[in-house]
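Notes follow once the structure below has been shown.
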Amino acid sequence: MEMEAPEGNGVVGSDGKVHSDYHLDVAIPETAHQISHDSWFQVGFVLTTGINSAYVLGYSGTIMVPLGWTGGVVGLILATAISLYANTLVAKLHEFGGKRHIRYRDLAGFIYGKKAYALTWGLQYVNLFMINVGYIILAGSALKAVYVLFRDDNDMKLPYFIAIAGIVCAVFAICIPHLSALRIWLAFSTFFSLVYIVVGFTLALKDGVDTAADYNIPGTKAGKIFSTIGAAANLVFAFNTGMLPEIQATVRPPVVQNMMKALYFQFTVGVLPMYAVTFMGYWAYGSKTSSYLLNNVSGPIWVKTFANISAFLQTVIALHIFASPMYEYLDTRFGIKGSALAVRNLSFRILVRGGYLAVTSLVSALLPFLGDFMSLTGAVSTFPLTFILANHMYLIAKKNKLSFLQKKWHWANVVLFGCMSGAAAVAAVRLIAVHSSTYDVFADL
């Protein structure tokens, strides 16, 4: 006996498999990590951790400075709405075709086939690797900021602090076997986020009251155009993970409804701290705002030290979230299951995760241009994964249920974000080339 599949044009046969016009020739491995366990509230905090990571300390400089007040405020609000919409499209496809897709590439492979599976995995790997490079740079910058507060002798340079940050991140990755195991660490992450956001907001407010800021957008005419395009990539980078199915895999049933609650939490309560510190930083320092706000603020040394250490510790936790798809792939590929303390499992994490983070740290130290990496990540992977692919997958999956106007709407999104992705990639590469010609490798920024 056969029954209709929950989505699409397929049927579920007596063998329990979905037979349809979708591509089922992709071998999907079972995951070695824990799934279907967490509440929507915990998942909401995972998402919010990504939004309010220490990256928020850079948005005043990397988004507001190139765009100004009007462009920055309107851009952030539009990016919030568009990102929520795109993420809901992906979340609604989590159980498409009568099965649960716990990885982004699994969903793409189910809809398009093997080539899309491989391409999506490649894009996602690049996206997450570059995000992790940025986190290592952030962590190293926070440690250096603490050092400079007490000893401004230039003996310890940024690459040294990046190496220290990489070691700490590796130790944390070895101790936390999978994404769901973060649990109490999410509470610490929230606390650390509030510390550097509140400190950054308060000290910027104090500085802004005392001095008048210049809000003129810096640069030549051509430079302003490229900076504006790069800032658009930073806007989408600020709100999107490129790993929504992997996060949704951890939520308990009903998975779509619970994920929608988590997304609404992320894009309402979760964005408020980010808005506050971004706007306050730009209001206080204007076009002189740096890509790491705590380098601008003035105040008691112990307060700034506490904020920088909090930024460092939160970055260690946030990096683990964005590295988890790679960890899940490696653990699944090599059958790392059972007790996290088993000798084989522990040895594997030390060797493989430690090696992955060593490479990440090396790239971070070679090219520590944080704002440029944010732009390039948004251009080459966040745009395609979160906007182009999300709209096109939804269009293909729901093609028999969409009206003519709805189809045109999704196609318009695909074309628009495709053009923006190409333009943003060119702008980001130009910025990296300009900075690379100015600074040597292993630059001490």
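No lab work stands behind these numbers, since they all come straight from the coordinates. A quick note: this is a predicted structure, and the numbers were derived from the prediction, not measured. Counting neighbours? That spans all protein chains shown, and the Cβs are built from the backbone with ideal geometry, glycine included.
Largest GNM mean-square fluctuation across 194, 346, 319, computed for the chain with C-alpha springs under 10 Å, falls on 346.
Protection proxy ranking for 182-191, 128-137, 302-311, 167-176, using the average of other Cβ atoms within 10 Å per residue and placing the highest first: 128-137, 302-311, 167-176, 182-191.
Reducing the range 152-186 and the range 280-309 to their Cα centroids gives an inter-centroid distance of 22 Å. Note on the chain: GNM, Cα springs under 10 Å; of 214, 106, 38, the largest mean-square fluctuation is that of 214. Using the Cβ-Cβ distance between residue 92 and residue 184 with R0 = 41 Å, the FRET efficiency computed as 1/(1 + (r/R0)^6) comes to roughly 0.85.
Give me the percent of Cα-Cα pairs in the range 261-376 that sit more than 25 Å apart, rounded to a whole number. The partial results should precede the final answer.
On the way: 3049 of 6670 pairs.
Above the 25 Å cut-off, the range 261-376 has 46 percent of its Cα pairs.
Converting phi to 3J(HN,Hα) with the Karplus coefficients 6.51, -1.76 and 1.60 and the offset θ = phi - 60°, the range 116-124 yields 5, 4, 5, 5, 5, 5, x, 4, 5 Hz in sequence order, with x at every glycine or proline. Extension gain for residue 303-residue 167 works out to 46.4 nm (0.36 nm per residue, less the C-alpha to C-alpha distance). Remark: the range 126-132, residue by residue, has Karplus-estimated 3J(HN,Hα) of 4, 4, 5, 5, 5, 4, 5 Hz, where x stands for each Gly or Pro and the curve is 6.51 cos²θ - 1.76 cosθ + 1.60 at θ = phi - 60°. Applying 1/(1 + (r/R0)^6) with r as the Cβ-Cβ distance of residue 194 and residue 350 and R0 = 45 angstrom yields a FRET efficiency of 0.90.
Averaging 1/r over every pair of different alpha carbons in the chain and inverting the result gives a Kirkwood radius of 22.5 Å.
Convert each backbone phi in the range 414-428 into a coupling constant with the Karplus relation 6.51 cos²θ - 1.76 cosθ + 1.60 (shift: θ = phi - 60°), then list the ³J(HN,Hα) values in order as whole Hz, x for Gly and Pro. Taking θ as phi minus 60°, the curve returns 4, 5, 4, 6, x, 5, 5, 4, x, 5, 5, 5, 4, 5, 5 Hz for the range 414-428. Highest mobility in the GNM of the chain, judged by mean-square fluctuation with C-alpha springs under 10 Å and restricted to 364, 290, 347, is found for 347. With 19 Å as the limit, the listed pairs 92/115; 92/398; 261/337; 92/114 have 92/115; 261/337; 92/114 beyond it between alpha carbons. Inverting the pair-averaged 1/r between distinct Cα atoms of the range 122-263 gives 19.1 Å as its Kirkwood hydrodynamic radius. Rounded to the nearest 500, the helix-only mean residue ellipticity at 222 nm of the chain stands at -21500 deg cm²/dmol, with each DSSP H run of n ≥ 4 adding -39,500 (n - 2.57). Helix 40-51 and the longest principal axis of the Cα set of the chain meet at an angle near 40°.
Label sites at residue 340 and residue 416, each approximated as a point 7 angstrom past Cα along Cα to Cβ, lie 4.2 nm apart.
What residues have an amide H closer than 5 Å to that of residue 251, excluding those fewer than 5 places away on the same chain, when H is modeled at 1.01 Å from N in the peptide plane? Amide H neighbours of residue 251, under 5 Å, 5+ apart: 36, 37, 38.
Site pair residue 216 and residue 151 shows an inter-label distance of 4.1 nm when each label is modelled 7 Å from Cα along Cα→Cβ.
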